[in-house]
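Here the structure comes first, spelled out in structure tokens, and everything after it is commentary.
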């Protein structure tokens, strides 16, 4: 299998699917779903002192990146500057 490795200051993300049901129990059809704005970091390009690592979950700008398919997975090449936040687990206070 061939591996994708981002170049320059790009990050490769695996898109994470949103829940298909609302809190009220309404099922959302695939055609009405928005493109996810978060994903899992799969690979990093040539980035000096990155704030994220492979395996981290991140939010990115809404219309950012170039989507590709590889090995049956939806992946997204996103400029590192378009990452907005890293999702971290915290203990409840």
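Any read-out appearing in this document is the output of simple, stated calculations on the displayed coordinates, not a laboratory observation. Keep in mind the model is a prediction, meaning the values are calculated, not measured. With ideal geometry, Cβ positions are generated from the backbone for all residues, glycine too; neighbour counts draw on all protein chains shown.
Numerical summary
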{"read-out": "R0 of 30 Å, Cβ-Cβ distance residue 7-residue 91: FRET efficiency to nearest 0.05", "value": "0.20"}
{"read-out": "Protection-proxy order for peptides 43-53, 81-91, each taking the mean of Cβ atoms within 10 Å per residue, highest first", "value": "43-53, 81-91"}
{"read-out": "Mean Cβ neighbour count within 10 Å, used as a protection proxy, ranking 61-73, 3-15 highest first", "value": "3-15, 61-73"}
